1. If you build a Gaussian network model of the chain, linking Cα atoms that sit under 10 Å apart, which residue out of His214, His249, His139 swings the most?
2. With everything on Cα atoms, drop me the angle between helix 314-325 and the longest principal axis of the chain, reported from 0 to 90° to the nearest 10.
3. Can you tally the net charge around Thr197? Count Lys and Arg as +1, Asp and Glu as -1, for every other residue whose Cβ sits under 12 Å from the Cβ of Thr197.
4. For the chain, what's the relative contact order in percent, using C-alpha pairs closer than 8 Å and at least 6 residues apart?
5. Please report how many Lys pairs in the chain have alpha carbons closer than 29 angstrom, counting only residues at least 8 apart along the chain or sitting on separate chains.
6. Counting Lys +1, Arg +1, Asp -1, Glu -1, what net charge surrounds Phe75 among other residues with beta carbon under 12 Å of its beta carbon?
7. Expressed in nm to one decimal, what extension gain is obtained for the pair Arg323 and Arg351 from 0.36 nm per residue of sequence separation less their Cα-Cα distance?
8. On C-alpha positions alone, give me the angle between the axis of helix 252-262 and the longest principal axis of the chain, in degrees, nearest 10.
Amino acid sequence: MTKMRQGKLAGTSANHEIRFSNLIESADELIASPGTDEYLAPGFIDVQVNGFAGVDYNDPAASAEEIGRSLRVMFSTGVTRCFPTVITGPSEIMAGALRNMAKAKRSFESAGMAEGTAIEAFHVEGPHISPDDGPRGAHPKGSVRPPDIEEFKRWQEAADGLVRLVTVSPEWPQAPAYVEAVTRTGVVVSVGHTKATSEQIRAAVDAGATMSTHLGNGAHATLHKTNNYIWDQIAEERLSPSFILDGIHIPAPFFRSAVRAKGVAHSVLVTDAVMPAMCKPGYYQLGIEEVELKADNRVVLRNQDRLAGSSLRMDRGVGNAVRMGRISLLEALAMATVNPARVCRVAGRQRGLTPGEKADLVRFRWDEAANELTVVETIVAGSTVYSAE
Ligand SMILES: [Zn+2]
């Protein structure tokens, strides 16, 4: 059955009507129709989310009920598809977390629930990253290990083949062969949590790496001013970076500079949210590590000052992108929708609001003075999964 929604499209002042079933059927400008204050955009895609609303996706024992609840909270932030992200941990815990999330997806799908559709794929961040303090970030040092294609195969077996993004450090001698083997299977390889040299980064990119994970983070606190792995990644036009825009992880001038160098079309917003996102301050888990959500929204390792993911929500991330990047709403929306779809190969989501694309939509109000986006309705594959009304 065809449904329809009206709203403005960012970048135009005209009112549009989108007609859709599970796919978009048409997106026409309405000539003689009263305007609306509401906007329509493709639903947000978050390719790095470790947990949400009190649920840790790294916990192999997280229940499908709890995972489903966390996704419904995520829907209220405009996210329609996500890549639950499993970070560095003991091999059996990482595979267990992937197996558990894949099982939850299957159970949602067999019940006809949109929560199954919303789990688009998985991101495995680590354990093949830098063991060094700084680049390693909050990942547990004892579980860092060199790239191993056999372990990648075990993840895919556990995850029903749904691992689509892998973050790896090119500093390991095994990295080029690993990157080549992984990308040959159609999986996106991202450079991150690294202290790699220029040559090592180039070798990983030549082998097929196409992305930089949360550029500017997972790095030493101090670096050589002009010769370092951040500049190397900015200079490498074959790498599309993701950014955590909570206003804590990177300062606005860094974001602005990186986006100007890379171009908006190559830039991706992620939340890197962890279990306490949208919860009260206190202690929570991130895999095998205990983390604390502080009153100022920072998430740190317990009793340390080291950032351990974020409490960011994507609706705020989009607003922050406009403010921090001094970019348009249209550009910020692209960074949360078609750009991640292209960079991380989300089928049916790469062309925006055009006929034939999946009907993942977000309807929202936009406060231009405050750069604040308020979600009114979220639609996944044609079904309303959140409504503020
Ligand atoms: Zn990270």
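1. Looking only at His214, His249, His139, the biggest GNM fluctuation is shown by His249.
2. For 314-325 against the chain, the angle is about 80 degrees.
3. Working: positive: Lys195, Arg202; negative: Glu171, Glu199, Asp232.
Around Thr197, the charge tally is -1.
4. Numbers: 945 pairs, mean separation 80.0, N = 389.
Once normalised by length, the contact order is 21 percent.
5. For the chain, the number of qualifying lysine pairs is 23.
6. On the way: positive: Arg69, Arg72, Arg81, Arg313; negative: Asp46, Glu115, Asp315, Asp360, Glu377.
Spelling it out: positives minus negatives among the neighbours equals -1.
7. Values: separation 28, 0.36 × 28 = 10.08 nm, distance 2.52 nm.
Residue separation times 0.36 nm, minus the Cα-Cα distance, leaves 7.6 nm.
8. On a 0 to 90 degree scale, this one is about 90.
Since every read-out is calculated from the coordinates, none of them should be taken as a lab result. On a predicted model such as this, the values are computed, not experimentally measured, just so you know. Here Cβ is always computed from backbone atoms with ideal geometry, including for glycine, and neighbour counts include all displayed protein chains.
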